[in-house]
Amino acid sequence: MTKKITIYDIAKVLNITAATVSRALNGNKNISESTKKLVLETAKKMNYEPNKLALALKSGKSNNIGVIVPRINTNFFSSVIRGIEDELNPNGYHIIICQSHNDEAKEINNIESLINSQVDAIFLSTSSKNSKQFEKILKKNIPLIFFDRKKTMEGVSSVTIDDFAGGYMATKHLINQGCKRIAHLASGDFEIEIFHDRHEGYKQALADYGIDYKEELVLRTNSKIEEGKFAIEQLFALEEKPDAIFSSSDFVALGAIQELKARKIKIPEEVAVIGFANEPFTNYEELSISTIDQFPEEMGKITANVFLEQMAASNKIKIDKKVVMEPKLIIRKSTKKH
């Protein structure tokens, strides 16, 4: 293993003090130009790299941003990250990506690690049901910005879509296709705002069109293909079967479609299916899947710009923005009866 060169190694080679080397590297005006030049040339020859953590501790700025997502292996979160990078990289920032895997304990560990890494901000799509760990971020004066999954907190910005509107428009579309018994596969805990709001949109659309809300048609799932298959097993064990499914996850919608096909149930003639997120596979399946687009790359760019705006503001001003983006209904074969 190659030994990391330090200022003490440079000082030994030049027969000067480490303090003089440090001042020269930092452009101290009390060090002569000839000494600065000699130190810089020697540092370059010896492949010296400054200790970034030490510099961050000294300056209070690391130029690193922590980004915590539930999981990175979805187009939605990878697109958000791409949007964040597109805006931050030209401004000299780099990102550190962490995954919580929808586990509150892992999310807390991620937060601790990012705080210890001296990040300049934390962008978070939360899986937590409480807000205690977020207070620790704020006490450290580290800007916190929620995206997609948020907690409503004073002094904390967020960038989300209107999940209530997304749930409403998905359900309304199914009703407009003539569906009456619409099941809802809620791919998350209702204590997490996005899943609560999508469910509320579903309920409101039913109420507005005079359709009774049925508890047996609402199932809690995780955002996995297998969960969609299992949900169909449960729903089709009911005496009265559903004629449509609104899933708050494209992955669960895909699993539901696979199980319906296995049971020789015609889609959308017998059961219409709509998902949420507009994952790429929804348009490339033989039976393309209707869904709600969340514009993730744009969400990432807006999140980054909210942070940059905060950095550009006076230290006495705290930016508290609640950006709510409009979702879009994408109609494809899985619901197009008419």
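Tabulated results
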{"read-out": "0 to 90° range, to nearest 10: angle between helix 75-88 axis and the chain longest Cα axis", "value": "30"}
{"read-out": "Gain upon complete extension [Ile16, Lys333; 0.36 nm per residue less C-alpha separation]", "value": "106.6 nm"}
{"read-out": "Area accessible to solvent at Tyr48, 1.4 Å probe radius, in Å²", "value": "60"}
{"read-out": "Highest average packing first - 233-239, 222-228, Cβ atoms within 10 Å", "value": "222-228, 233-239"}
{"read-out": "Using alpha-carbon coordinates, inclination of helix 250-262 to the longest axis of the chain, degrees", "value": "40"}
{"read-out": "About the Cα centre, charge dipole magnitude for the chain (Lys/Arg +1, Asp/Glu -1 at Cβ), debye", "value": "1620"}
{"read-out": "P(r) of the stretch 86-221 over all Cα-Cα pairs, binned every 10 Å from zero, in whole percent", "value": "11, 34, 26, 18, 10, 1"}
{"read-out": "The stretch 163-294: projected area of the alpha-carbon convex hull, averaged over directions, in nm²", "value": "7.0"}
{"read-out": "Accessible heavy-atom area order of His196, His184, His101, highest first, probe of 1.4 Å", "value": "His101, His196, His184"}
{"read-out": "Spatially close lysines, pair count over the stretch 110-167: Cα under 16 Å, gap of eight or more or interchain", "value": "6"}
{"read-out": "Whichever aspartates and glutamates have a C-alpha closer than 19 Å to that of Lys37, once near sequence neighbours (fewer than 8 apart) are set aside", "value": "Asp9, Glu49"}
{"read-out": "Net charge over other residues, Cβ less than 12 angstrom from the Cβ of Gly300 (K, R count +1; D, E count -1)", "value": "-4"}
{"read-out": "Pairs of Lys in the stretch 237-338 closer than 20 Å at Cα, counting only those 8 or more apart or on different chains", "value": "20"}
{"read-out": "Full-stretch length increase - Lys3, Ala312 - with 0.36 nm per residue and alpha-carbon distance subtracted", "value": "107.3 nm"}
{"read-out": "Per residue Cα convex hull volume in Å³ - calculated over the stretch 7-50", "value": "59"}
{"read-out": "Estimated FRET transfer efficiency when R0 is 25 angstrom, pair Lys140-Lys321 (beta carbons, to 0.05)", "value": "0.75"}
{"read-out": "Overall dimensions of the stretch 226-338 by Cα: Rg and Dmax, Å", "value": "19.2, 64"}
{"read-out": "Within the stretch 163-294: Cβ-based charge dipole about Cα centre, in debye rounded to nearest 20 (Lys, Arg +1; Asp, Glu -1)", "value": "400"}
{"read-out": "Distance (nanometres) between label positions extended 7 Å along Cα→Cβ at Glu112 and Asp162", "value": "4.1"}
{"read-out": "Estimated inter-spin distance, Leu238 and Lys61, nm [label 7 Å along Cα→Cβ]", "value": "5.7"}
{"read-out": "Charge tally in the Cβ shell below 12 Å around Pro280, where Lys, Arg are +1 and Asp, Glu are -1, Pro280 excluded", "value": "-4"}
{"read-out": "Sum of side-chain charges, Ile31 neighbourhood, beta-carbon under 15 Å (Lys, Arg +1; Asp, Glu -1)", "value": "+2"}
{"read-out": "Of Phe276, Ser158, Gly178, farthest towards positive along the dipole that unit charges on Lys, Arg, Asp, Glu beta carbons give the stretch 155-282", "value": "Gly178"}
{"read-out": "D (Stokes-Einstein, µm²/s), Kirkwood Cα radius, the chain, 1.002 mPa s at 20 °C", "value": "95"}
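The values are calculated or read from the model by the stated rules, or taken from the named source; none is laboratory data. Since we're looking at a predicted model, the values are computed, not measured. With ideal geometry, Cβ positions are generated from the backbone for all residues, glycine too; neighbour counts draw on all protein chains shown. Protein only, heavy atoms only, side chains kept; ligands, DNA and RNA dropped before computing areas. Shrake-Rupley method; radii C 1.70, N 1.55, O 1.52, S 1.80 Å.
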